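The values are calculated or read from the model by the stated rules, or taken from the named source; none is laboratory data. Quick caveat: nothing in here was measured; it's all calculated off a predicted structure. Please note: Cβ atoms are built from the backbone with ideal geometry, for glycine as well, and neighbour counts cover all protein chains shown. With ligands, DNA and RNA removed, areas are computed over all heavy atoms of the protein, side chains included. Shrake-Rupley method; radii C 1.70, N 1.55, O 1.52, S 1.80 Å.
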Amino acid sequence: MGFIVHQPRPKHLSDPFHDFSDSSLVELLATPDEQLNWSHFNQLLGPFLPAGTYEESVYFLPLAFDYLLTHLDDALEFQDAVVGFASKYAPQLKADGYLSSVQAQFLACLDTWTNTFTITHFDEAACRTNGWGLAYFDYVGASTEVCQMLCDLVRFEVHTTLAEGFLITLANKLQDPLTACWFLELARANQADDVYKPPDSLLIQKLLKSPELQRQAALTINTHCRSTKPSPTYWPDMFVLLSLT
């Protein structure tokens, strides 16, 4: 567990917005910690119509982070609940001595999700099998989750500097191949017609749209990454989109 809160596990959830039945609250509290999933955390943390107050629900915040770090496939379903709770109750978290640990956990999520860079290429036959009317499709693992986490941190405003700091760190390490890959992937998502994009923070947009930073990253990619070909289309399409050819 990334951090521990001092509040005990609640024996009662007060349903402050009167959105739950008594039986559903009992069932929620009866679920053991190790069986909690993204749906439970949405109910417990919110950010809309949570089952409990801050004092009742904060016990579950470290468990939610643990689940977020170990269940990438579920991250999009509830990470806004984690960010929303940590933003709405930032003053209480600070007063209780948890805020720095919470912020470290957000960065741990971003660092964990970007500690590898994997491209999955779907050719025309694979696209047809999946019911996609595309000639091909390239998917970068965890890209959507990273974009959404950055957007959530900015959208709820309180932890915007974490998202901006993450991009600053990438921009300062573009000689590293892994970092360069992620910087250009976020720049690509920012410019492409993707559903999940980096946030509209002025600082983040300035960094991702910087021709100089893009060229630095491209130099690293050309030196270290383009000779490996998990996809025949990802890097060529990227360099055309960003005018790096």
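Quick one: would you say Thr118 is in contact with a helix residue (DSSP H, G or I) (Cβ under 9 Å, 6 or more places away or on another chain) and within 28 Å of Trp182 (Cβ to Cβ)?
It is false that Thr118 is in contact with a helix residue (DSSP H, G or I) (Cβ under 9 Å, 6 or more places away or on another chain) and within 28 Å of Trp182 (Cβ to Cβ).
Can you tell which of Val82, Val154 is open to solvent by less than 10 Å² (accessible area, probe 1.4 Å), under 16 Å from the mean Cα position of the chain (by Cα), on the phi < 0 side of the Ramachandran plot and among the β-branched types (Val, Ile, Thr)?
Step by step, each of Val82, Val154 is checked, and only Val82 is open to solvent by less than 10 Å² (accessible area, probe 1.4 Å), under 16 Å from the mean Cα position of the chain (by Cα), on the phi < 0 side of the Ramachandran plot and among the β-branched types (Val, Ile, Thr).
Helices (runs of 4 or more DSSP H) wholly in region 1-110 with at least 1 residues that are basic (Lys, Arg) - which ones?
Result: 75-88, 90-95.
Which pairs have Cβ atoms under 8 Å, sit 6 or more apart or on different chains, and link a residue in region 126-138 that is within 21 Å of Trp235 (Cβ to Cβ) to one that is surrounded by 13 or more Cβ atoms within 10 Å (Cβ to Cβ) and polar (S, T, N, Q)?
Listed by first residue and then by second, the contacts come to Tyr136/Thr233; Asp138/Thr120; Asp138/Ser231; Asp138/Thr233.
Please enumerate the residues belonging to region 40-53 that are farther than 21 Å from Val26 by Cβ and either open to solvent by less than 40 Å² (accessible area, probe 1.4 Å) or at pLDDT 95 or above (or both).
The one that is farther than 21 Å from Val26 by Cβ and either open to solvent by less than 40 Å² (accessible area, probe 1.4 Å) or at pLDDT 95 or above (or both): Pro47.
Check whether at least one residue in region 204-224 is among the β-branched types (Val, Ile, Thr), modelled with pLDDT under 95 and closer than 21 Å to Val83 by Cβ, and report yes or no.
No, that holds for no residue.
Going through Ser243, Ser210 one at a time, which residue ends up being at positive phi and surrounded by fewer than 21 Cβ atoms within 10 Å (Cβ to Cβ)? If you could, list the steps in order and put the result at the bottom.
Working: Ser210 fails: at positive phi.
The match here is Ser243.
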